[in-house]
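The values are calculated or read from the model by the stated rules, or taken from the named source; none is laboratory data. These numbers were taken from a predicted model, which means no experiment stands behind them. Quick reminder, even Gly has a Cβ in these numbers, built from the backbone with ideal geometry, and neighbours come from all protein chains shown. Each accessible area value is taken on the protein alone, full model and side chains, heavy atoms only, with ligands, DNA and RNA left out. Shrake-Rupley method; radii C 1.70, N 1.55, O 1.52, S 1.80 Å.
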Amino acid sequence: MFAGAGAVGCHYGSRLQQAGDEVLFLARGKHLSAMQQHGLLHESEGEVLCLTVQATDDPAVVCDADVVIFSCKMTSLRKMIQSMDGKVSPDSLLITMQNGVEAPEWVASAFPEHAVAAATAFIGARLEGSGHVVHSAAGGVRLGLWQVGAGSKHLRALVEQFNAGGVPARMDGDPAAMLWRKLLWNTGFNAITAITRRFASQMCEFDETLAIVSDAMQETVAVAQAEGIAIGESDIYSHIDVTRRMGPVKTSMWQDIEAGHRTEVDYLNGLVVSRGEKHGIGTPVNRMLVSLVHAIEVQS
């Protein structure tokens with residue numbers, strides 16, 4: 001069950017369905033209608049596949065799902081959680097698959113008796129149109145148990161099913177560090193690519209932009225360490241090294257700006273700013289990136 005089946009949810013849902021799982025997509029509007037009438041068109045790794053899928057806009061259908069994957073963006077997550085209040089089986093495993101670090105806290109608080117796991121997805125994916133998802137890069141998933149419950153038993157099987165569907169997936173014993181490590185990349189590259197409309201790899205080609213990327217991540221590491229999170233400068237170097245080799249992938253904020261949607265900047269760079277204030281740590285580069293993204297949002 002994928003709640004908020006945009007590009008990421010559709011890609012992973014398609015992969016799990018191809019692995020033999022029964023998958024239900026929770027969507028809305030033209031995207032929902034297209035999937036109901038024509039199926040899901042999925043482009044990935046040079047292959048184009050049209051899948052007949054189950055799709056609905058009724059959150060009540062999640063009641064019997066073994067696994068519910070919240071794959072909407074942070075800007076929609078609270079509404080998604082509220083729509084499922086009282087509708088989820090106590091035996092279900094709830095998975096968060098958002099950018100930022102707050103999603104599992106929100107879900108665990110709303111469903112205190114349920115098993116909750118955090119997931120990070122390193123992926124390039126976009127909706128080319130209603131009912132049409134294009135997977136353009138990467139796609140690995142890491143999952144870590146956040147809150148124990150009856151549904152915890154489903155986690156290892158889910159990892160196995162991801163791998164069976166061609167998605168490199170593995171367990172992570174430190175989900176908090178896992179989430180902050182993903183946040184680290186996002187604070188360095190997501191906002192600046194939305195502002196410049198250039199790919200992340202291009203931000204590594206010029207000393208001026210790379211300095212901004214590096215400084216934003218240095219601030220993120222400082223705040224993370226003040227929060228007791230085990231990430232460090234080596235993670236910065238690793239992210240930059242990987243990004244230099246990336247292809248032309250549009251980041252999520254860049255896509256949101258072009259689509260006229262609200263971005264997740266407040267949950268990424270903005271979170272570093274607010275947590276930095278709590279610890280007395282200056283975060284001028286992240287603050288600047290938040291301000292610039294907000295300015296572009298106003299114009300869009």
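Taking θ = phi - 60°, what integer Hz values does the Karplus form 6.51 cos²θ - 1.76 cosθ + 1.60 yield along the stretch 243-248, in sequence order, with x for Gly and Pro? Couplings: 5, 4, 9, 6, x, x Hz. Accessible area per residue, 1.4 Å probe, Å², for the chain: what's the number? Per-residue value: 43 Å².
Taking a ≥ b ≥ c as the square roots of the eigenvalues of the Cα gyration tensor of the stretch 1-102, is the shape rounded (a/c under 1.5), prolate (a/b larger than b/c) or oblate? Judged from the Cα gyration tensor, the stretch 1-102 comes out prolate (a/c at least 1.5, a/b above b/c).
Dividing the alpha-carbon radius of gyration of the chain by the rule-of-thumb value 2.2 N^0.38 Å gives 0.96.
Dipole size of the stretch 74-217 about its Cα centre, with +1 on Lys/Arg Cβ and -1 on Asp/Glu Cβ: approximately 320 debye, rounded to the nearest 20. Here the dipole of the chain is about 240 debye; that uses its Cα centre as origin and unit charges on the Cβ of Lys and Arg (positive) and Asp and Glu (negative). The alpha carbon centroids of the stretch 78-96 and the stretch 151-179 are separated by 19 Å. Placing unit charges on the Cβ atoms of the charged side chains and taking the dipole of the chain about its Cα centre, the candidate lying farthest along the positive direction among HIS31, THR251, GLY270 is HIS31. Computed from phi, the 3J(HN,Hα) profile of the stretch 17-27 under the Karplus parametrisation 6.51, -1.76, 1.60 (θ = phi - 60°) reads 5, 5, 7, x, 7, 7, 10, 10, 9, 9, 9 Hz, with x in place of Gly and Pro.
Projecting the Cα atoms of VAL61, HIS132, GLY100 onto the dipole axis of the chain, where Lys and Arg carry +1 and Asp and Glu carry -1 at the beta carbon, places HIS132 farthest toward the positive end.
The label-point distance for PHE122 and MET171, in a model that sets each label 7 Å from Cα toward Cβ, rounds to 2.1 nm.
Using Cα-Cα distances under 8 Å and only pairs 6 or more residues apart, what relative contact order does the chain have, in percent?
On the way: 596 pairs, mean separation 45.9, N = 300.
Relative contact order of the chain: 15 percent.
Return the calculated 222 nm mean residue ellipticity for the chain, to the nearest 500 deg cm²/dmol, obtained by summing -39500 (n - 2.57) across DSSP H runs with n ≥ 4 and dividing by the residue count.
Calculated at 222 nm, the ellipticity per residue is -15000 deg cm²/dmol.
Label-to-label distance for MET246 and ASP207 is 2.4 nm, based on points extended 7 Å past Cα in the beta-carbon direction.
Given R0 = 22 Å, the distance between the Cβ atoms of SER238 and ASN163 translates into a calculated FRET efficiency of 0.45.
What pairs in LYS73/LYS182; LYS182/LYS250; LYS30/LYS73 have C-alpha atoms more than 20 Å from each other? Over 20 Å apart, Cα to Cα: no pair at all.
With all protein chains in place and a 1.4 Å probe, the accessible surface of the stretch 225-300 carries 53 percent carbon and sulfur. For the stretch 102-198, carbon and sulfur atoms together expose 50% of the accessible surface, with a 1.4 angstrom probe and every protein chain in place. Counted residue by residue at 0.36 nm each, then reduced by the alpha carbon distance between them, the extension gain from ALA226 to GLU22 reaches 69.2 nm.
Gain on full extension, evaluated as 0.36 nm per residue between LYS87 and LYS278 minus their Cα-Cα distance, stands at 65.1 nm. Under a model in which nothing but the beta-carbon of Lys, Arg (+1) and Asp, Glu (-1) is charged, the stretch 1-136 shows a dipole of about 480 debye around its Cα centre.
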